[in-house]
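> One structure is given below, represented as structure tokens, and several questions about it will come after.
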Amino acid sequence: MDRKDTKLKILLAAPRGFCAGVDRAIQIVEKALEKYGAPVYVRHEIVHNAFVVEGLKKKGAVFVEELDEIPNDGQPVIFSAHGVPKSVPSNAQERNMFYIDATCPLVSKVHKEAERHFAAGRHIVLIGHKGHPEVIGTMGQLPEGAVSLVETQEDIEKLQLITDKELAYCTQTTLSVDDTAELVEALKSKFPDIVQPHKEDICYATTNRQAAVKHIAANCDAMIVLGAPNSSNSNRLVEVAKVYGCEKAMLVERAAGLDYDFLEGVRTLGLSAGASAPDILIDEVIEALKGRYEVTVEEIAHTEENVVFNIPRILRDAEKKMA
């Protein structure tokens, strides 16, 4: 069916797409390739986005799940933006591997916070999604049993801590702001003396992208979020859209994944992207829609972002030499 004469207004949420931590992680891989040549090994997806990973593979990055897949050839191995358990750099050191840590500084902040609580003799309750690389990394900063993971209200109700230690909580950085607030309240209700983070653990980018989606959701007939199925922050954006007035919301990886039946009857479409989805994927979707509809685009800016994280010094020095 030709819908070219059908008008479609796109409300483009801002901010959207790449955050400073993702941008830094990708730069680390690219600069390492420039300085050391291919191959540069990357443990786990550097960020949760297939388009980004494929682009880096073409430049010479080799992605592995574990260090034992990497030969002892002296080439660098990079740890992903999600962070890794302490056992990973420790194993790398045992093998005399040259590694560069691309962990997002805001994830590192949670790691340090958990370590401080542990050093102060506290047991830590971590709010997060079981099996997510960031959660595995955070729990792996401390000895087994030092952290209890909770994901739902039910987990908190069932939580039986056989310890006389003081308690503290931390959270994954990419959670739903609203859902996490409810879980924190449940924790405080059950453990009134629980120690909270000095500063919110959910990162600025997750918070801002959710706020931008909340801002436009009620004015949209449908919402599309660009992001990978395994991207926590992207999935949260879909959930936020549904809660804040746009029940018709879905996650799409690329323009090729657009469901035009889903868009039947839609006249105002909200469009956003998770923190690991590049702008080129938004542009690709808009171009695909222009092939079917008479499209107008209005960017709705909710917050301005100007956060930048430095890449490691070893690669900054390389940047100066190449300039």
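We did not get these values from a lab; they are worked out from the coordinates using the rules stated. Remember, predicted model here, so these are calculated numbers, not experimental data. FYI the Cβ positions are ideal-geometry reconstructions off the backbone, even for glycines, and counts take in every protein chain you see.
> Quick one: which residues, 5+ away or cross-chain, put their amide H under 5 Å from the amide H of ALA222? H built at 1.01 Å from N.
So ALA222 has HN proximity to THR268, GLY270.
> Here's something else I'd like to know. Which ³J(HN,Hα) values in Hz, rounded to whole numbers, follow from the phi angles of the range 268-274 under the Karplus curve 6.51 cos²θ - 1.76 cosθ + 1.60, where θ = phi - 60° and Gly and Pro get x?
10, 10, x, 9, 9, 8, x
> Next up: Tabulate in residue order the Karplus-calculated ³J(HN,Hα) for the range 290-298, using 6.51 cos²θ - 1.76 cosθ + 1.60 with θ = phi - 60°, rounded to whole Hz; enter x for Gly and Pro.
Per residue, the Karplus-derived 3J(HN,Hα) values read 5, x, 10, 10, 8, 9, 10, 10, 10 Hz.
> Find how much the distance from ALA218 to GLU264 grows on full extension, using 0.36 nm per residue of separation minus their present alpha carbon separation; answer in nm with one decimal.
Residue separation times 0.36 nm, minus the Cα-Cα distance, leaves 14.7 nm.
> Determine the gain in length on full extension of the stretch THR163-LYS7; use 0.36 nm per residue of separation and subtract their C-alpha separation, reporting nm with one decimal. It would help to have the intermediate numbers written out before the result.
Working: separation 156, 0.36 × 156 = 56.16 nm, distance 6.17 nm.
Full extension from THR163 to LYS7 adds 50.0 nm.
> For the range 167-216, take the alpha-carbon Rg, divide it by the Kirkwood Rh, and send me Rg/Rh.
On the way: Rg = 12.0 Å, Rh = 11.7 Å.
Checking Rg against Rh, the ratio lands at 1.03.
> Is any residue of the range 180-196 close enough, with backbone N under 19 Å, to a label point placed 7 angstrom from the Cα of ARG116 along the Cα-Cβ axis, and if so, which?
From the range 180-196, the list is 193-196.
> First select every other residue whose beta carbon is under 9 angstrom from the beta carbon of ARG267; then total the charges, Lys and Arg +1, Asp and Glu -1.
Charge balance in the 9 Å sphere: +1.
> Just need log10 I(q)/I(0) for the range 20-103 at q = 0.12, 0.13 Å⁻¹, Debye formula, equal scatterers on the alpha-carbon atoms, no solvent, rounded to two decimals.
Taken in order of the listed q values, log10 I(q)/I(0) reads -0.29, -0.34.
> Just going by the charge dipole of the chain, with Lys and Arg at +1 and Asp and Glu at -1 on Cβ, which of LEU251, GLY145, GLN210 is farthest out on the positive end?
Of the candidates, GLN210 comes out farthest on the positive side.
> Taking amide H positions as placed 1.01 Å from N in the peptide plane, with prolines and chain starts having none, which residues 5 or more places from VAL125, or on another chain, fall under 5 Å of its amide H?
Sorted by chain and number, the residues that satisfy this are SER148, ALA168, TYR169, CYS170.
> OK, next. Quick one: dipole size for the chain, taken about the Cα centre, charges +1 on Lys/Arg Cβ and -1 on Asp/Glu Cβ, in debye to the nearest 20.
740
> Separate question: Would you kindly derive the ³J(HN,Hα) couplings of the range 139-144 from the backbone phi angles with the Karplus curve 6.51 cos²θ - 1.76 cosθ + 1.60 (θ = phi - 60°), listing them in order in whole Hz, with x for Gly and Pro?
5, x, 7, 10, x, 4
> If amide hydrogens are placed 1.01 Å from N in the peptide plane, which non-local residues have theirs closer than 5 Å to the one on HIS44?
It is VAL64, GLU65, by chain and number.
> Report the convex hull volume per residue for the range 47-142, counting only C-alpha atoms, in Å³.
110
> Here is a follow-up. Once you have a ≥ b ≥ c as the square roots of the Cα gyration tensor eigenvalues for the range 106-190, tell me rounded if a/c is under 1.5, and otherwise prolate or oblate according to whether a/b is larger than b/c.
Oblate is the answer for the range 106-190, as a/c is 1.5 or above yet b/c matches or exceeds a/b.
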